[in-house]
Amino acid sequence: MKFKHTLLVASLSFAALSLQSHADVIISGMGGAADYGSDQTFTEYSPTIVLPFDVNIDGVNFDTFNAFTNGGIDLYSSELLDLEPAIASLTPFFAPGNYDCSSCGDTYIGSPSEGVVAVTWLNMSVDAFYNGDDENNRQNTFQALIIDRSDETGLAGDVDIEFRYDELSYRDEGISFDGITWGQSRAGISLTDEQFIALPGSDSEAILELVNASNVGEDGIWAYSVRNGEVTLATASTGSEGTGTELDPFMPSDEVDGSWEFEFSISDDEVVFIDPDVAIGYDYVVESGPEIASVILPTGFDADYELWLMGTSGWEFTDNLTAEEEYFFGTDGVTEFRVLGIDTTNMIDPDDALAFVTGLSFVDSGDVVMSQTPITEFVASPTSVSEPRMFFVLLTAFGLFAIRARKRTK
């Protein structure tokens, strides 16, 4: 449900105060009577606030918003006609019963620091409509942050959006008729095509558990990433130690069933460094996510690299590859390929996590999970093991990239 009440346009002022938090989740320090900002929304009145930066969703640059007591934020764009409805909404917690209740809590608008806009719903309670100021009233306290990220990405309109939950004690159960229910409490972001990217538990009692869970590793905080107009749920950066640089590459986060596992987050066109292990060859398989567009194999080894692709009757030789030269698989990419031809005289230790690095690019952005399986060969009485070598991996997929290197004997 969307509402458009444009009564005035107010410029959002910045409070030059230090950031504080309520229960380590809700941000305060924004001035005003409750320290959550000087602008306020009431049941019968919602000021139109000018954003200090654009928010690009689906290619539309939104520059103003209205926040409502029902737990929603409608975004508007000066690029559209005045009669156009709001076509994007942020909904940290939709509770339509609060919209008609002037005594059911307070909604504040402020800015804890430059480049951050905050809307805070404090002690929202439908029970207050019936019971007045009763200590037994069920209450919800939550907050939405819009954080400008254009300085980091170089693209105007790129933002992070955080929904923060301190207390969720009730939800709107909606109205049911003929087996269909409308108006249940939900949380998420509505896009220009009316697609709704919901948080877990929306339209059910489980939505109250948002306060006890997270998609970024801190209970009560749920985040979305908005990049180049695309809205996605954020992912927590976990797992592998290291910074991903050439001198400090990502290291395995765990050894699972005798295999090295890497886990880290990446952005579009970001270059990171990892070091999985190999022996005389390697199988690359995308388990989920976009297909592999190209491969770059490292130099410094005695190797006549061979590329093998999966055919109707198994692995088939396809081409010879040259170290440090990018090889493209074609427009559609591939989901798996094999590299052979690394001579056993290299004595690459398959148990060494600092041994061999491959460059990969993908046909599209997205979450990627793939495996890299070393193909090993027994060599009697080995005399030496090669020194670790580090080269770059180009990863153009966005999100969480996990690599599991499973050993297999040829």
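The values are calculated or read from the model by the stated rules, or taken from the named source; none is laboratory data. Small disclaimer: the values here were computed from a predicted structure and weren't measured. Cβ placement follows ideal geometry from the backbone for every residue including glycine, while neighbour counts extend to all protein chains displayed. The area values use the complete protein model at the heavy-atom level, side chains included, leaving out ligands, DNA and RNA. Shrake-Rupley method; radii C 1.70, N 1.55, O 1.52, S 1.80 Å.
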Quick query: amide H of D54 versus all other amide H atoms, modeled in the peptide plane; which residues come in under 5 Å with a sequence gap of 5 or more or a different chain?
G157
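For F65, F94, what's the largest-to-smallest order of accessible area, 1.4 Å probe? Kindly include the intermediate steps, with their values, before the conclusion.
Details: F65 0, F94 20 Å².
The ranking, largest first, comes out as F94, F65.
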Between L80 and D364, what is the label-to-label distance in nm when each label sits 7 Å out along the Cα-to-Cβ direction?
2.6
Run the 1.4 Å probe and let me know the accessible area of W308, rounded to the nearest 10 Å².
60
Could you list which residues have their amide H under 5 Å from that of Y305, counting only those 5 or more apart in sequence or on another chain, with H placed in the peptide plane?
L321
Estimated inter-spin distance, L309 and A33, nm [label 7 Å along Cα→Cβ]:
6.9
I'd like the accessible area for T312, computed on protein heavy atoms only with a 1.4 Å probe and all protein chains in place. Round to 10 Å², please.
150
Once phi is turned into θ = phi - 60°, what whole-Hz ³J(HN,Hα) does the Karplus curve with 6.51, -1.76 and 1.60 give for every residue of the range 35-50, x standing for Gly and Pro?
6, 10, x, 8, 8, 9, 9, 10, 4, 9, 8, 10, x, 7, 9, 7
Counting only residues 5 or more apart in sequence or on a different chain, those whose built amide H sits under 5 Å from that of R186 are F94, D203
Label zone at A156, where the point sits 7 Å out along the Cα-to-Cβ direction: the range 46-76 residues whose backbone N lies under 18 Å
50-65, 76
Can you run phi through the Karplus equation (6.51, -1.76, 1.60; θ = phi - 60°) for the range 314-320 and list ³J(HN,Hα) in whole Hz, with x for Gly and Pro?
x, 5, 10, 4, 10, 6, 9
Contour excess over end-to-end distance, with Cα ends at F42 and E173 and 0.36 nm allotted per residue
44.9 nm
Could you order D283, D219 by accessible surface area, starting with the largest, using a probe radius of 1.4 Å?
D219, D283
Through the Karplus equation 6.51 cos²θ - 1.76 cosθ + 1.60, θ set to phi - 60°, convert the phi angles of the range 61-71 into ³J(HN,Hα) values in whole Hz; use x for Gly and Pro.
8, 8, 10, 9, 7, 10, 10, 10, 5, 7, x
